[in-house]
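Shown next, in C-alpha cells, is the structure this report addresses.
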Amino acid sequence: MFTPEQRILIRSKILERASRDPRITSAAITGSGSSDSEDQWSDIDLAFALADGVELRTALSDWTAYMYEDLSAIHHLDVPSGAWLYRVFLLPGTLQVDLAFVPATEFRPLASTFKLVFGTANEPMHFPPPSVEGLIGLGWLYALHARSCIARARLWQAEYMVNGLRNQALALACISHDLPAVHGRGIDQLPEEVTAKFENGLVQRLDTAELARAFRVVVDGFIAEVRRADEGLGQRLQDTLVSLSESVGRMARKG
C-alpha cells in the first residue's frame, strides 16, 4: 500500500516534469488533492492543457513511456469524455494516477475540485447532475429486465438488474437531498431512514425466491423515491411496478 508521502512525492515529480514540457501550457490538481481533503486512500488527479498544434497521440505516448519507465506503472486505461482524455495508471502499491489531457482552448474547471498549478484556465463549466426523468426511466427499464431474467432463470443477470434498479433509486434519493448522484458518491451521506429501506434489497443468495424477495424490496423503495422526486409520474408508474413485483413473486412461489 502506498503512503501519503509517496503520493506527494510522485505528484510533485509529475508536475515538475509537466512544467518542463513545452507542449503543456497549464496544469491543475483536481479531485481531493485540490481541496486538501485527501485521506490515505486518495489517488492522484492531474489535468494538463496542450498547446495549439500539439498532437495528443504523441504527447500521450511520451507521457505513457515516462509513467512506465520512471514510475514503474503496471497498467493503464483510457477514459474519453468530450474533448478530454483521461489516461488512468495503476502504480505499484495500488496508487492510481489519473492524467487528463485537453487542448488549451478547452482547459477549464469541470467541478469545484480544481486547483491551478501553472498557466491559465478558461471559465468553469460545471455539469448538471443526472436528470430525474433519466434515472426514473433507467429504473423501470432495470425492473423489466430483472423480471425477465428471473423468469428465464438467468440468476446472475437478474442479480445485476436488481442492483441496477437499486442504484437508480439511490441516485434519485441523492438528488432529492442535494447530494452527488454519480458513482454512488453521495449515498453514504443519505439519512439512515432512506438507506435502511434498501438494505434488505441486497441479494443474499442466487435463487429465484431470494431474487424475488430482494426485487420486491427494491421496487418499493424505487417507487417511494420516484414519488418523492415527481409525484405525478410516481402515481402513473406505481400500479405497473407493483404488478411487476407481484408477478415475480408468483414465479418464485411456483418455482
For segment 112-149 versus segment 8-65, the gap between their alpha-carbon centres in whole angstrom:
24
Difference of contour (0.36 nm per residue) and Cα-Cα distance, GLU16 to ASP52:
10.8 nm
Taking every other residue with Cβ under 13 Å from the Cβ of GLY249 and scoring Lys and Arg +1, Asp and Glu -1, one gets +3
Where does helix 132-151 land angle-wise versus the long Cα axis of the chain, in degrees 0 to 90, nearest 10?
60
Order these by the 10 Å Cβ neighbour count, fewest first: ILE44, ILE223, ILE8.
ILE8, ILE223, ILE44
Enter the angle in degrees (range 0 to 90, nearest 10) between the Cα long axis of helix 4-20 and the first principal axis of the Cα atoms of the chain, meaning the one along which they spread out most.
50
Counting only other residues whose beta carbon sits under 12 Å from that of ARG7, what net charge do I get with K and R as +1, D and E as -1?
-3
Helix 56-69: inclination vs the chain longest Cα principal axis, degrees, rounded to 10, gives 90
With unit charges on the beta carbons (Lys and Arg positive, Asp and Glu negative) and the dipole taken about the Cα centre of the chain, which residue among LEU155, ALA27, THR105 sits farthest to the positive side?
LEU155
Pop the C-beta distance of GLU123 and TYR160 into the FRET formula with R0 = 35 Å and round what comes out to the nearest 0.05.
0.30
Gyration tensor (alpha-carbon) shape descriptor, the chain, a/c threshold 1.5
prolate
Can you tell me the FRET efficiency between ARG205 and ASP239 if r is taken as the Cβ-Cβ distance and R0 is 25 Å, rounded to the nearest 0.05?
0.25
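Laboratory data are not the source of any read-out in this text; all were calculated from the coordinates shown. The structure displayed is predicted, hence computed values, not measured ones. Reconstructed Cβ throughout: ideal geometry from the backbone, glycine too, with neighbour counts over all protein chains shown.
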